[in-house]
Each structure stands twice: as C-alpha cells, then as structure tokens.
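Worksheet for the structure shown next.
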Amino acid sequence: MKAKFPEMEADPNCVFCKIVRGEIPSRKVYEDTDVLAFHDVNPKAPVHFMLIPKRHVATLYDVGEDDASTLGKIMALAGRLAREQGADDGFRTIINTGRVGRQEVMHVHVHVLAGPDPLGPMVARSH
Ligand code: AMP
C-alpha cells in the first residue's frame, strides 16, 4: 500500500526528492500533487526539462502498478508542456535506466528535449 501523500515517500538523500521538497531550487515547468516538471540544470538542447513522479521510485525496474497512473499522467503531460516551452515541431523523450542506460540520478525521470533544429541521432553506437 503506497502512501496517500506522495511527498511522504521520499529518499532523504535523493537530489530529485530534495527538489520536490524545495530543499534544492529548480526552475519549475509544472507541478501537481503527483508530478513535478523542471528544467535540466545542464541542458543538452535548447528545450530540456524533466518530468518526475513526486514519489521516490529509483528506476523503471522499480515501477509497479501503483505508479502506473502517475507515469501515464507524465506521458499525457509531455506534449502539452513541450509545446508550452516552445517545442511545437517535435521533441524527444528519454528515460535512462541503470548502469547500462547511464542513469545518473536514481529517481525516475522522463527527459523532454527539443530544438528548434532537429536533434542528433538517438544513440551513437558504443561498440
Ligand atoms: P540521467 O542521466 O537520466 O539520470 O539524467 C540526470 C539529469 O539530471 C542530468 O541531465 C542532470 O543534468 C540533471 N540534474 C542533476 N541535478 C539536477 C538539479 N539539481 N536540477 C536539475 N537537473 C539536474
């Protein structure tokens, strides 16, 4: 059974949980009871923000059925928020997972990246 209030399920050492709690500043794009979106501090494209569940879930491996509605909400918001950030001609979503996915912050997040110019190839072959 998950907590009713997502902010009650947090990892005290997680950077994104600290952003959710307002202990680390962020440039907020969107917030509701379950979801927070904020600009990436080290943007890889002219538009680069992230959507996260407020509840601490480390990786996509850890996502369960209780998280499905929040993750669905994140997907439903991505296009709207991308447009609001000026990305009205396409964008890319990325979820990095674990070591192989080169996930740096262990709190599930959906990157939204956009031009205006087309982005580079999705991934460069690493071997
Ligand atoms: P990932 O490799 O998918 O885990 O990406 C983590 C992302 O979080 C990177 O793009 C970082 O630039 C970004 N990031 C780390 N700390 C912060 C922060 N305090 N505020 C905003 N973005 C951050």
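The values are calculated or read from the model by the stated rules, or taken from the named source; none is laboratory data. Only a predicted model underlies this, so the values are computations on that prediction, with no experimental measurement involved. All Cβ positions, even for glycine, are placed from backbone atoms using ideal geometry, and neighbour counts span all protein chains on display. Protein only, heavy atoms only, side chains kept; ligands, DNA and RNA dropped before computing areas. Shrake-Rupley method; radii C 1.70, N 1.55, O 1.52, S 1.80 Å.
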Contact order relative to length of the stretch 3-127, as percent, for alpha carbon pairs under 8 angstrom and 6 or more apart: 27
Potential lengthening between Glu31 and Val105 on full extension [0.36 nm per residue; Cα-Cα distance subtracted]: 24.7 nm
For Phe38, solvent-accessible area (1.4 Å; no DNA, RNA or ligand), Å²: 10
Low-density loop positions, GluC sites (Glu not before Pro), the stretch 7-101 - DSSP coil, at most 16 other Cβ in 10 Å: Glu9, Glu23
Largest-first ordering by accessible area, 1.4 Å probe, given options Val112, Val63, Val15: Val15, Val63, Val112
Straight-distance crosslink candidates among aspartates and glutamates, where the alpha carbon sits under 18 Å from Lys18 and sequence neighbours closer than 8 are dropped: Glu7, Glu9, Glu31, Asp32, Asp34, Asp40, Glu104
Stretchable slack from Lys73 to Val123, in nm (0.36 nm times residue separation minus alpha-carbon distance): 15.4 nm
Accessible surface, 1.4 Å probe, highest first, among residues Met50, Met122, Met106: Met122, Met106, Met50
Shape category assigned to the chain from the gyration tensor of Cα positions, a/c cut at 1.5: prolate
Fully extended contour minus Cα-Cα distance, from Asn42 to Arg21, at 0.36 nm per residue: 5.5 nm
